Amino acid sequence: MGRAEGLSRTLLESAEGAGWKSPFTHEGKRAVDSPLPPSVRRWAARSREQVTNIGPYQHRTRSDKARSGLAQRVAVLETELSQLKERLQQAETAPLIQLVEAGRITEARQLVSLLLKASPSPRLEQWARVLAPPEASVAPAATGGTLARDNAWLRANAKDYAGRWVALRDGVLVDADASRVALHRRLEQTGELEGIAFARL
Amino acid sequence: VLHRTDSRGTFLPWSQGSAEPRLDEERQTGRLPVAVWCRFGALPHRELAMLDTGAHWTLIGPELIESLGDQLGAELDSLTMSTRIGNFKGTLHRLPIHLIAEQGADVTVEATCLALPDWEGPTILGFHGFLERLRFALEPGMSADTPGRFYFGGA
């Protein structure tokens, strides 16, 4: 017997004990046509409501609604937090940008170092990386063995190609175009990009 | 050959590589007083770039930006740079730049360059993020028989 059914039976027995005659038999068949007294109907209705409200289905529905509302609130808060972080980072990097734009690179390097110590963030780390002094290293060998030939071609022919991009290899013109992008793509498609020297004349 | 000494008095070569520069060349975007050959990032080809100690940054234009693509990495905040041909917006990127040598050895600089998508001028090798850690010297070209020479080495 379920909890609701048990409570209904208890209600019925209590009403019968109070002198009310049930219109139904205990097997569920209608015995008489007399309606329930109003006080008992109200009591029964209240009790039924309570039983329904604490029932497993109703409980689950409320919980899902609460969870969904909470998830929405969390999503809103996360968006607000992300916007706040963005504004904070912009506020952090604004003085850096001003220094860089003014050409005060030494001061910008000092500032980014201080900011990183105070509140490290990936964005500040990226700023520190681009503002870091350059580092030079020596390659194993020289790769410009044919530069003299390319330079000689430029000396002899530059005026004929004024305003165009030229692609040279070993002092020989491979291709030319008004558009560097078009020239680059053409050479890439034909597999001739390796070792090319580009110059805009 | 020039030499230098370190803190212990050891003689070291002053430069590691040298190449003939292009001097005083006329371009549609203006004259290039000094231009040198270099390679950007992992690109398989070389470029002529203007050497400019007066430029704050190394500047690359739209063509090179497109060729480099993902090699430039993530963009930082946009900057507005004032140049002799106007103001341009761009972003700073870390990128290896290789100075090409005819003699000695190439020198690679882990450099910072400013990518300007609307830049119409030549590619520029500037001071901050590039030249500031290089030792370099320029021998002027006196005639066709005695062309100039650009000497360079890591500082």
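The values are calculated or read from the model by the stated rules, or taken from the named source; none is laboratory data. Model, not experiment: these values are computed from the prediction. Cβ: placed from backbone, ideal geometry, glycine included. Neighbour counts: every protein chain shown. Each accessible area value is taken on the protein alone, full model and side chains, heavy atoms only, with ligands, DNA and RNA left out. Shrake-Rupley method; radii C 1.70, N 1.55, O 1.52, S 1.80 Å.
The number of residues in the stretch A:97-140 being in contact with a Gly (Cβ under 9 Å, 6 or more places away or on another chain) and among the hydrophobic types (A, V, I, L, M, F, W, C) comes to 7. I want to confirm something. Restricting to the stretch B:1-22 and keeping residues that are outside any loop (DSSP other than H, G, I, E, B) and among the hydrophobic types (A, V, I, L, M, F, W, C), which single residue is most open to solvent (accessible area, probe 1.4 Å)? Among them, the one singled out is B:Phe11.
Inclusion of B:Leu114 among residues that are in contact with a helix residue (DSSP H, G or I) (Cβ under 8 Å, 6 or more places away or on another chain), touching a residue at least 24 places away in the same chain (Cβ under 8 Å) and surrounded by 18 or more Cβ atoms within 10 Å (Cβ to Cβ) is not warranted. Looking only at residues in the stretch A:156-166 that are more than 8 Å from every other protein chain (Cβ to nearest Cβ) and of a type in the set (A, V, I, L, M), which one is nearest to B:Glu25 (Cα to Cα)? Ranking the candidates gives A:Ala156 first.
Yes/no matrix, rows are residues, columns are (1) free of Cβ contacts under 8 Å to residues at least 12 places away in the same chain; (2) within 34 Å of the chain's Cα centre (by Cα):
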| position | (1), (2) |
| --- | --- |
| A:Glu92 | no, yes |
| A:Leu131 | no, yes |
| A:Val138 | yes, no |
| A:Gly145 | yes, no |
| A:Tyr161 | no, no |
| A:Glu194 | yes, no |
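I'd like the residue in the stretch B:92-104 that is over 13 Å from A:Pro134 (Cβ atoms) and open to solvent by 10 Å² or more (accessible area, probe 1.4 Å) and, out of all such residues, is nearest to the chain's Cα centre (by Cα). Among them, the one singled out is B:Glu102.
Checking the stated criteria, B:Glu66 turns out not to satisfy the condition of being surrounded by fewer than 19 Cβ atoms within 10 Å (Cβ to Cβ), modelled with pLDDT under 90 and over 13 Å from B:Gly129 (Cβ atoms).
Among the residues of the stretch A:103-155, those identified as closer than 30 Å to B:Glu26 by Cβ, within 11 Å of another protein chain (Cβ to nearest Cβ) and either of a type in the set (Gly, Ala, Ser) or assigned to a helix (DSSP H, G or I) (or both) are A:Gly103, A:Ala142, A:Gly144, A:Gly145, A:Leu147, A:Ala148, A:Arg149, A:Asp150, A:Asn151, A:Ala152, A:Leu154, A:Arg155.
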